[in-house]
Ligand code: 3PG
C-alpha cells in the first residue's frame with residue numbers, strides 16, 4: 001500500500017487533513033502525519049518509508065531526499081517551491097510538483113489586511129489615509145497578483161502591474177495598466193505589493209535604488225519571499241525615508257532590529273500567515289493529494305516543476 005506523508009512544520013487546518021485522508025484512503029493509500037516537528041531528525045525519520053510527501057514551506061534538501069529512499073513524488077501544497085532542492089530531486093528520480101493558484105485568494109486578502117493596517121498608521125489612533133484612488137503596483141501578475149487586482153477594484157484603487165513573463169494583453173484585459181519595468185512601477189505607485197518568486201534573478205532585487213523612486217507616503221507589502229528584499233537597502237530606505245513603511249508576511253533576517261528601530265513603520269507577522277486559512281489549506285492540501293494519486297495511478301505529471 002502506497003504511503004503518503006504530510007510533513008508540515010506549520011500544520012494544515014484539521015479539516016484539510018481530513019480531506020487529504022479521504023482522498024488518500026479512497027485511492028487505497030495510507031496517510032501518515034508529521035506536524036510541528038522541531039528537529040530535522042524527525043523529518044529524516046518520517047520520510048524513510050514514504051512513497052509520496054506533501055509539504056508546505058518545509059525544507060526538502062538533498063539529505064531529506066537521500067533519506068526518503070522510497071519516495072517518488074514531493075508535492076509542495078502551495079505556490080513557491082524554492083524550499084525544495086530540485087536538482088537533488090531530479091538526480092534521485094523524484095518528481096516535484098506545486099499546486100498553483102490554490103492558496104492565492106488567501107494571500108491576496110492578507111495583502112489588504114496589511115495595507116489597511118499600514119495606511120491607518122498601524123492603528124495608532126492618528127489620522128491615516130484611504131486606499132481609494134491610490135496607485136497600487138502589483139509586481140508579478142500571476143495567480144496572487146490577479147487576485148490582488150480583483151480585490152483592489154473593490155477599494156477603487158488605480159491599478160498598475162509589471163510582469164516580465166505575462167503578456168501585456170493578459171494584464172490590461174483586467175483593467176490594470178501594464179508598465180514597462182519594475183523601475184516604472186515603483187516610480188509610479190505609492191503602494192507596491194510584491195508577488196515575485198525567490199529565484200536567482202529576483203533575490204535581493206528590491207533594493208534602495210528601486211524603493212527610493214516611490215512617491216511620498218510609500219508602502220511596500222511583501223507576501224512573497226524575504227529573499228527578494230535587499231536587506232541593507234531596506235534598512236537604508238527606512239532610515240532615509242521617514243514617510244516609508246514596510247509590511248511583510250515574512251520576517252526579515254534582521255527583524256528584531258528593524259522592528260525596534262522603526263516601530264510604527266516596519267511590521268512583520270510572527271509566522272507566515274498568507275496561506276494560513278482553512279480554505280487555502282483545503283484547496284492546496286486536497287489538490288496535492290489528488291495530484292499524488294493521479295501521478296501514482298496514472299503517471300500524470302501535469303504540475304511537475306523539475
Ligand atoms: C506559497 O508559496 O504557497 C506561500 O508562500 C504559502 O506558504 P505556506 O504554505 O508555508 O504558508
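From the set of residues in region 93-113 that are touching a helix residue (DSSP H, G or I) at 6+ places or on another chain (Cβ under 9 Å) and over 19 Å from residue 303 (Cα atoms), which is nearest to the ligand (Cβ to nearest atom)? Break it down stepwise before answering.
Our first condition is that a residue be touching a helix residue (DSSP H, G or I) at 6+ places or on another chain (Cβ under 9 Å); within region 93-113, this holds for 94-109, 111-112.
Within this subset, residues satisfying the condition of being over 19 Å from residue 303 (Cα atoms) are 105-109, 111-112.
Working: 105: 12, 106: 8, 107: 6, 108: 12, 109: 13, 111: 12, 112: 17 Å.
Of everything passing the filter in region 93-113, 107 is nearest to the ligand (Cβ to nearest atom).
Just wondering, is there one or more residues in region 57-68 that are in contact (Cβ under 8 Å) with a residue 60 or more places away in the chain and either outside any loop (DSSP other than H, G, I, E, B) or out of contact with any helix residue (DSSP H, G or I) (no Cβ under 7 Å at 6 or more places or on another chain) (or both)? Step through it out loud before you land on a result.
Restricting attention to region 57-68, the residues satisfying the condition of being in contact (Cβ under 8 Å) with a residue 60 or more places away in the chain are 57.
Subset that is either outside any loop (DSSP other than H, G, I, E, B) or out of contact with any helix residue (DSSP H, G or I) (no Cβ under 7 Å at 6 or more places or on another chain) (or both): 57.
Yes - at least one qualifying residue is present in region 57-68.
Please go through region 72-87 and pick out each residue that is assigned to a loop (DSSP other than H, G, I, E, B) and either in contact with a strand residue (DSSP E or B) (Cβ under 7 Å, 6 or more places away or on another chain) or more than 16 Å from the ligand (Cβ to nearest atom) (or both). Step through it out loud before you land on a result.
Restricting attention to region 72-87, the residues satisfying the condition of being assigned to a loop (DSSP other than H, G, I, E, B) are 72, 77-83, 85.
72, 77, 78, 79, 81, 83, 85 - these are the residues of region 72-87 that are assigned to a loop (DSSP other than H, G, I, E, B) and either in contact with a strand residue (DSSP E or B) (Cβ under 7 Å, 6 or more places away or on another chain) or more than 16 Å from the ligand (Cβ to nearest atom) (or both).
In the set 145, 137, which member is within 16 Å of the ligand (Cβ to nearest atom), at pLDDT 95 or above and under 20 Å from the mean Cα position of the chain (by Cα)?
On the way: 137 fails: within 16 Å of the ligand (Cβ to nearest atom).
Going through 145, 137 in turn, just one is within 16 Å of the ligand (Cβ to nearest atom), at pLDDT 95 or above and under 20 Å from the mean Cα position of the chain (by Cα): 145.
All conditions but one from (1) without any contact (Cβ under 8 Å) to a residue 40 or more places away in the chain; (2) within 23 Å of the chain's Cα centre (by Cα) apply to residue 242; the one that does not is (2). With respect to the conditions (1) in a helix (DSSP H, G or I); (2) within 16 Å of the ligand (Cβ to nearest atom); (3) surrounded by fewer than 23 Cβ atoms within 10 Å (Cβ to Cβ), residue 90 lacks only one, and its number is (2). Name every residue in region 254-282 that is outside any helix (DSSP H, G or I), in contact with a helix residue (DSSP H, G or I) (Cβ under 9 Å, 6 or more places away or on another chain) and either more than 26 Å from residue 148 (Cα to Cα) or within 9 Å of the ligand (Cβ to nearest atom) (or both), in order of residue number. Scanning region 254-282 gives 254, 262, 263, 273, 274, 275, 276.
The values are calculated or read from the model by the stated rules, or taken from the named source; none is laboratory data. Model, not experiment: these values are computed from the prediction. With ideal geometry, Cβ positions are generated from the backbone for all residues, glycine too; neighbour counts draw on all protein chains shown.
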